[in-house]
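Read the structure below first, then the notes.
The values are calculated or read from the model by the stated rules, or taken from the named source; none is laboratory data. The model shown is predicted, which means the values in this text are computed figures rather than measured ones. Cβ atoms come from the backbone with ideal geometry, glycine included; neighbour counts cover every protein chain shown.
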């Protein structure tokens, strides 16, 4: 079968990009593998750092804050379950930008689906996220947080997080190729966003006047809740939270995909 | 194999590519916003290709010559699907294998074997296809004993050989050769040219971009002279080389 490339007979660009990614799925696998293998290649503990990193942060936060936030039972489990979800989001969106800047030299030489690097960043994040779940369960067993069947909802929670992160990652990469400053600005925005989202502190300490912005209008609040409620609280998220989180994830993903695909042909003129 | 020699394998109709270059480079977002608000973002248009019409037939070795900055690389990028032209029509039948810079996707910390899979998938091959050709690639690259060592321990010749072996492990329908290949030592270079000649006898279409007029004349029948984004002369290689020498030789 001969592959024919005809610049006049192209499918809608966001469908073409999707077909490209499906066709290049083995490349996505190789890029994920490369990121995981090379990140810790020369370290002694290797991939174990993926688990030790959030655990270390959790211990620090527990020492600092567990006396302050009396209202939270088993603070380590509370903070760790939130941090794992947040870290996935912040790491994948940051990586998708830097990978695109790195991949620029390759995109100049050979044809690749332009979203390959962003999709692979999400893949790498998913591997790290799944690896950090066993330590979370162990911590919960040690400090006596009951593990209920609702934990089985986690694959769905992770799917929503991944779709949201992919959407944001694609939007950021579309802009970061024109303005490298976005990468630095986003780092600061991420820190602010993390402290403004109830991740390391309980939701009920937020004053009522700020509730609208920090909770009701904060997409990460819903996505963190969908991840944390079935694990830490052992309950299913209320239906409205589940629906809003699903809607946010889906819309962000579609928006990111369409904006990125529309810019894909122009990206090469800029990097 | 069925012959399509009457139908062009590569067809370009009125292809133009224009780069908008900010007159003074804008380094930051802040600067851009300020200039944008002041309506002070000035570009000048650089036409890398203007109204290019080109037909390349299946199986021919076609030469592209011209001075530096003539638009040769841009033309190759348009054919390789890397750059979508601003206007015009491109049609390419078959897979394009670029031998631009070998091993561009290699990672120094990965082993030779791992890099073969990474580079192979970058070229659009499936994991299974690479597995099937693994022995052949390793044999051609001659990196015995280093297969499972990180690439950073390789000599530059070994890296180039591995890159060439992966890039040419599959017989491409269209091969892009940018500049003369100077891979490794004398004997390996011989092996490389032998493989490329094998492709040509099997019907691979080759685009040869070079500054070496002797090489162009020995390999190609037809050629195009590119200058300032336009095809100045298209025809038998002897005529095109003569025009090139008349216009650009000191």
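Does at least one position in the range A:78-97 carry a residue that is without any contact (Cβ under 8 Å) to a residue 60 or more places away in the chain, more than 30 Å from residue B:83 (Cα to Cα) and surrounded by 22 or more Cβ atoms within 10 Å (Cβ to Cβ)? The answer is yes; a qualifying residue exists. Number of residues in the range A:31-48 that are more than 8 Å from every other protein chain (Cβ to nearest Cβ) and surrounded by fewer than 16 Cβ atoms within 10 Å (Cβ to Cβ) equals 7.
Could you list, in sequence order, the residues of the range B:1-30 that are modelled with pLDDT under 75 and assigned to a loop (DSSP other than H, G, I, E, B)?
Our first condition is that a residue be modelled with pLDDT under 75; within the range B:1-30, this holds for B:1-6, B:22-30.
Passing the criteria: B:1, B:2, B:3, B:4, B:5, B:6, B:23, B:24, B:25, B:26, B:27, B:28.
One residue is enough: does the range B:50-60 have a residue meeting the conditions farther than 21 Å from residue B:195 by Cα and within 11 Å of chain A (Cβ to nearest Cβ)? No, every residue in the range B:50-60 fails to be farther than 21 Å from residue B:195 by Cα and within 11 Å of chain A (Cβ to nearest Cβ). Note on the range B:53-76: among residues that are within 13 Å of residue B:175 (Cβ to Cβ) and more than 15 Å from the chain's Cα centre (by Cα), the one that is surrounded by the most Cβ atoms within 10 Å (Cβ to Cβ) is B:56.
Collect the residues in the range B:126-147 that are buried (at least 20 other Cβ atoms within 10 Å of the Cβ) and closer than 15 Å to residue A:27 by Cα, keeping them in residue-number order. Give the steps one after another, and end with the answer.
Going through the range B:126-147, the residues buried (at least 20 other Cβ atoms within 10 Å of the Cβ) turn out to be B:130, B:137, B:140-141, B:143.
Of everything in the range B:126-147, just one residue is buried (at least 20 other Cβ atoms within 10 Å of the Cβ) and closer than 15 Å to residue A:27 by Cα, namely B:130.
Contact annotation: residue pairs with Cβ atoms under 7 Å, 6 or more positions apart or on different chains, pairing a residue in the range A:13-30 that is within 12 Å of chain B (Cβ to nearest Cβ) and farther than 17 Å from residue B:105 by Cβ with a partner that is modelled with pLDDT under 90 and surrounded by fewer than 18 Cβ atoms within 10 Å (Cβ to Cβ), are A:13/A:262; A:16/A:10.
Identification of helices (runs of 4 or more DSSP H) wholly contained in the range B:95-209 with 2 or more residues that are under 25 Å from residue A:21 (Cβ atoms) yields B:112-122, B:127-141, B:156-167. Candidates A:15, A:22, A:84, A:59: the one that is at pLDDT 85 or above and within 30 Å of residue B:13 (Cβ to Cβ) is A:15.
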